[in-house]
Amino acid sequence: MNPVKHVAIIMDGNGRWGIKHKQSRNAGHRAGLNSVEDIIKVCLKKEIKYLTLYTFSTENWKRPKKEINFLFNLLEKFLINKIDNLIKKNIKLRFIGEINKLPSKLKILIKASEKQTSKNSDLQINIALNYGSKSELINCIKIINKKKIKLTEKSINKNLFTKYIPDPDILIRTGNTKRLSNFMLWQIAYAEIFFEKKLWPDFNANDFRKILDKFKLIKRNFGSIQ
Ligand code: IPE
Ligand code: IPE
Ligand code: MG
């Protein structure tokens, strides 16, 4: 049976969910938070150590300002309202992406929540925010050049946003689209990928458990034969 250390999720389909329910796209973003809470509970129960959530991509700046502001506001509220609960549940928060380019109020909350949860160890949640895999890789190679160290698989791993985080075993994308949208292109080299039809706010604990059960039965070769 395959152990699951790290699950990464492209939480897609919020906007369509809002429209489908005759509400706004932003109502879909709000509804998506319930799915996040459900998935966290399953991770804790199953003792999964790392959960990465793709929350805002470097390409999402192309969206209307109103939607972008709503998303940042939603995250701010989440961090303010849920921090005590996260601490109580021994969850560590980490942010990956170009955080310095975000609004200052959000940046302050990010730094505070990382600090407040830094000693926690049951589950590490990596929030991919203003994250793009291509810019992450370019940045990484620039750091390696500057440090004048050898370009190797190890030196790349050590200079990505995901340093100290094992590669995802499972990648889930909801929202009925089969693409990666600039997410963890290097890190998912050997991830098992699950494309789900359901929109993110409809994705629940049961859907997640089904994926975990399927994953257990997959023969992972990593290029070898067994
Ligand atoms: C994913 O849902 C959340 C973000 C990208 C922030 P979308 O907002 O992309 O929802 P759809 O794909 O338009 O339905
Ligand atoms: C990917 O969803 C980004 C996040 C879920 C944060 P998008 O909705 O931005 O992806 P595309 O544009 O459909 O590829
Ligand atoms: Mg989308």
Worksheet item: Among rounded, prolate and oblate, which fits segment 28-150 when a ≥ b ≥ c are the square roots of the eigenvalues of its C-alpha gyration tensor, a/c under 1.5 means rounded, and a/b larger than b/c means prolate?
Response: oblate
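Mind checking which helices in the chain clear 24 Å along their axis (Cα) and have mean Kyte-Doolittle hydropathy of -1.0 or more, DSSP H runs only? Write down the numbers at each step before the final one.
On the way: long enough: 25-45 (31 Å, -0.21); 65-88 (35 Å, 0.06).
Qualifying helices: 25-45, 65-88.
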Response to the item:
Over the chain, the sum of -39500 (n - 2.57) across DSSP H runs of at least four, divided by residue number and rounded to 500 deg cm²/dmol, gives at 222 nm -14000 deg cm²/dmol
Discussion item. With an 8 Å Cα cut-off and a minimum separation of 6 or more residues, compute the relative contact order for segment 162-226 in percent.
Written reply: 34 percent
Worksheet item: To the nearest 0.05, how large is the calculated FRET efficiency for K158 and A189 if R₀ is 22 Å and r is the Cβ-Cβ distance?
Response: 0.85
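Just flag the trypsin sites (Lys or Arg not before Pro) in segment 58-167 sitting in loop per DSSP whose Cβ has no more than 10 other Cβ atoms within 10 Å.
When the trypsin sites (Lys or Arg not before Pro) of segment 58-167 are filtered for loop state and at most 10 Cβ neighbours within 10 Å, K119, K148, K150 remain.
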Item to complete: For segment 1-101, calculate the relative contact order in percent as a whole number, restricting contacts to Cα pairs under 8 Å that are 6 or more residues apart.
Response: 27 percent
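Please report, in cubic angstrom per residue, the volume enclosed by the convex hull of the alpha-carbon atoms of segment 97-215.
In segment 97-215, the Cα convex hull volume per residue is 148 Å³.
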Item to complete: Loop only per DSSP, at most 10 neighbouring Cβ atoms within 10 Å: give me the chymotrypsin sites (Phe, Trp or Tyr not before Pro) in segment 121-226, ordered by residue number.
Response: Y164, F222
Worksheet entry | For the chain, fraction of C-alpha pairs farther apart than 32 Å, in % | 17 percent
Discussion item. Please compute the length gained on full extension between N69 and K20, using 0.36 nm multiplied by the number of residues separating them and subtracting their Cα-Cα distance.
Written reply: 15.4 nm
Worksheet item: Under the definition of Cα pairs under 8 Å and six or more residues apart, what whole-number percent is the relative contact order of the chain?
Response: 30 percent
Practice prompt. Using only the Cα atoms, work out Rg/Rh for segment 88-143, with Rh taken as the Kirkwood radius, to two decimals.
Written response: 1.04
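Every read-out reported here was derived from the displayed coordinates using simple, explicitly stated rules and does not represent laboratory data. Quick caveat: nothing in here was measured; it's all calculated off a predicted structure. Please note: Cβ atoms are built from the backbone with ideal geometry, for glycine as well, and neighbour counts cover all protein chains shown.
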